Amino acid sequence: MPRYAQLVMGPAGSGKSTYCATLVQHAEAIHRSVQVVNLDPAAEHFSYPVMADIRELIQVDDVMEDPSLRFGPNGGLVFCMEYLANNLDWLEENLGHVEDDYILFDCPGQIELYTHLPVMKQLVEQLQQWEFRVCGVFLVDSQFMVETFKFISGVMAALSAMVSLEIPQVNIMTKMDLLSPKAKKEIEKYLDPDMFSMMEDNSASFRSKKFDKLTKAICELIDDYSMVRFLPFDRSDEEGINIVLQNIDFSIQYGEDLEFKEPKELEEDSGNQQQDELFQDSVGS
């Protein structure tokens, strides 16, 4: 049987660890097994139990303190992820070989890992070799996306990760519970965006004549791909969380190999019907 994985990505502060913790709690409530692997070597705190933690293999602080390397925070994180890519046997050992696994990989927030560095692509390919069906889950902070020019930046980041990793991807606007009612209403147009309508609505504040052609070209690129839409994520809304999970499950075909079982009531009715038929046959004979 296949195994399943979510690659939880997004900029720093977009709510990746909170998303993982919320999904674990939701899974417990619906009696489903979901595990989490922390792949952020700079993580300090997270509120979920981990199946594996990259900090047991390597930590950013250790890399930065090494006098022979002299890396800063970003360089140190990239070094840690490249070290993981060269030691994937550690990850394989911690994941084990349990069939029908469903694992969330809580990834670092450096966007270059998903755009032009090969590290995450190597991880995806290795997971696929281990029979995982992988879905990218790209998070953006809804509080950041309430202005059109910021929204386009977020869309471009999500699209870049999607094109680079070449896996199914679900894009999510997090922290919807922190928005005011007015902001929630305003952000609805960003969930399934019409780029050219946005350009017209924000022509004065959003576009300058100097960069008019560039802005139009970027909007055309996003519109031509028509691949980026967002699902809202409110950690206090169980129904909304379930919709997000259903979309991800559908993208990786989770549950299609599960054996169908008749409900107990139908089984009992079927058994009673068979008993009645046997009784009638015995009477008839």
Exercise. Which whole-percent values make up P(r) of the stretch 37-171 when all C-alpha to C-alpha distances are grouped in 10 Å steps starting at zero?
Worked result: 11, 38, 37, 13, 1
Problem set entry | Summed side-chain charge close to Glu92 - residues other than Glu92 whose Cβ falls under 13 Å, Lys, Arg +1, Asp, Glu -1 | -3
Problem set entry | Computed accessible area, Val34, all protein chains, 1.4 angstrom probe, square angstrom | 20 Å²
Problem set entry | Whole-angstrom gap from the stretch 33-80 to the stretch 221-256, using each part's C-alpha centre | 28 Å
Exercise. How much area per residue is accessible in the stretch 1-157 when the probe is 1.4 Å and only protein heavy atoms are counted (Å²)?
Worked result: 44 Å²
Exercise. Ignoring ligands, DNA and RNA, how do Asp224, Asp237 rank by accessible area with a 1.4 Å probe, largest first?
Worked result: Asp224, Asp237
Exercise. Using 1/(1 + (r/R0)^6) with R0 = 25 angstrom and r between the beta carbons of Asp177 and Gln25, what's the FRET efficiency to the nearest 0.05?
Worked result: 0.95
Exercise. Rounded to the nearest 10 Å², what accessible area does Leu214 show when all protein chains are kept and the probe is 1.4 Å?
Worked result: 100 Å²
Problem set entry | Within-15-Å neighbourhood charge of Met156 [Cβ basis; K, R +1; D, E -1] | -2
Exercise. How big is the accessible area of Arg133 in square angstrom, nearest 10, if you roll a 1.4 angstrom probe over the protein chains?
Worked result: 60 Å²
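Once you've got the Cα coordinates, tell me which of Lys182/Lys216; Lys121/Lys150; Lys16/Lys175; Lys189/Lys209; Lys121/Lys216; Lys150/Lys175 are over 22 Å apart. Intermediate values should be presented prior to the final figure.
Working: Lys182/Lys216 28 Å; Lys121/Lys150 26 Å; Lys16/Lys175 11 Å; Lys189/Lys209 25 Å; Lys121/Lys216 30 Å; Lys150/Lys175 16 Å.
Listed pairs above 22 Å: Lys182/Lys216; Lys121/Lys150; Lys189/Lys209; Lys121/Lys216.
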Problem set entry | R0 of 25 Å, Cβ-Cβ distance Gln143-Leu88: FRET efficiency to nearest 0.05 | 0.10
Exercise. Residues of the stretch 138-157 with amide nitrogen under 17 Å from the 7 Å Cα-to-Cβ point of Glu112?
Worked result: 157
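Excluding Tyr114 itself, what net charge comes from residues whose Cβ is under 13 Å from its Cβ, given Lys and Arg +1 and Asp and Glu -1?
Here the count lands on 0.
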Problem set entry | Rounded to the nearest 20 debye, dipole of the stretch 1-71 from Cβ charges on Lys, Arg, Asp, Glu | 440 debye
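The values are calculated or read from the model by the stated rules, or taken from the named source; none is laboratory data. Please read these numbers as outputs of a predicted model, since none were measured by experiment. Ideal geometry is used to build each Cβ from the backbone, glycine not excepted, and the neighbour counts take in all protein chains shown. To get the accessible areas, we keep the full protein, side chains included, count just its heavy atoms, and leave off ligands, DNA and RNA. Shrake-Rupley method; radii C 1.70, N 1.55, O 1.52, S 1.80 Å.
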